[in-house]
Amino acid sequence: MDYLIYIIPIIMTTTLLRIILRDRSYKNLKEIKPTIKQPKLYYESGLIIVILALITIIFILIYPSSMPLSEKNIATSGIFSYSMIGFLLMYYYRKWGIQIEADHFIFTRFIGNKKIYKYDQCLYYTQSAHTIIYHSNNIIIRIPYLTSSLPLTRHLKVIDSDEAIKLPHPKIQIKYNYMTLIFGLTFSILGMLLIAPFAYALFISVEGIIENQNDVIFGIVAAIFGSITLILGIFFILLYSLFRVTFSEQEMHFKNIIGKKRIFKRDEIQCEPTNHGYRIMHKQKRITYINEGLVDNTFLLRNLGKR
């Protein structure tokens, strides 16, 4: 373990060079046949993260310091863990793709497995944050707005909201997507990490916290920010898990983040667009707000006020 600080930069450098120099490298990705890729920003951001992490580790390695080797190993391990985010972004960009063919398209997922879909079996709908591709009334692909979906969508039909509304309940519904869950987990973990030092000092090292007033102030501030962050994370997780808006031909079924259900007549509901989503109103009173960038199936909102 004493030589961990020397092994990690070697592994990072070797892996980075292998990614850049291999046949399907960053430079050669543009030469692949017509393919929709994730935004190039993913690859570039990942590359910057890895390079900065590698520079930081090398600096720790060569800079004269009285820091014990064991502490350097801990710091190096932490930075290496952070660099994995960069490697993950680079890998995601290189693997994920939609290859356009004459009568079908081939979708390659993040983990590398491929699946073929016929154009006449798929529909699409464009939201503010992404274009959603449907197959058998299920979402199969989300294409971010930073990437042009035109090479694919020109072969597809736009989903018909009037037809979708007739599907068996709750086949098609408005709900918060996986990005909401990612936000929730991220904020929750960050909040717990901020609260943990204060909790440790309070319950394990009471004498130390009394002697050092600066630690008291720092711990309280960290606990406050941690609590706010944790509550925000739980809120996003509840949005993902419980929030639903489902339509029948005559009604709108609404379930909020505490699981409470309400039913409204569709012709009594209004939808007011905002800069980033929609306000859902019932008799001029707001029922809820929907952020278009974090939800699926907003095409159903076109049915509000119709009968």
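Quick notes on this one:
- Taking Cβ atoms as reference points and 14 Å as the exclusive limit, the residues near residue 133 contribute a net charge of +4, counting Lys and Arg as +1 and Asp and Glu as -1.
- Placing dummy labels 7 Å off each Cα toward the beta-carbon, the span from residue 84 to residue 288 is 3.5 nm.
- Length gained on full extension, residue 274 to residue 118, computed as 0.36 nm times the residue gap minus the Cα-Cα distance: 52.6 nm.
- ³J(HN,Hα), Karplus 6.51/-1.76/1.60, whole Hz, each residue of region 96-101, x for Gly, Pro: 5, x, 10, 8, 8, 10
- Here 266, 279 are placed in order of increasing Cβ neighbour count within 10 Å, fewest first, which gives 279, 266.
- When all alpha carbon pairs of region 98-159 are counted in 5 Å bins from zero, the resulting P(r) reads 4, 19, 32, 28, 15, 3 %.
- For residue 97, residues with placed amide H under 5 Å, excluding near neighbours: 108
- Residue 192-residue 11 FRET efficiency (beta carbon distance; Förster radius 30 Å; 0.05 resolution): 0.55
- Order of 83, 77, 136 under a 10 Å beta carbon neighbour criterion, fewest first: 136, 77, 83
- Amide H contacts for residue 248 (H built 1.01 Å from N in the peptide plane; partners 5 or more residues away or on another chain; cut-off under 5 Å): 253.
We did not get these values from a lab; they are worked out from the coordinates using the rules stated. Being a predicted model, the structure only gives us computed values, none of them experimental. Methodologically, a virtual Cβ is constructed for each residue, glycine included, from the backbone with ideal geometry; neighbour enumeration extends over all protein chains shown.
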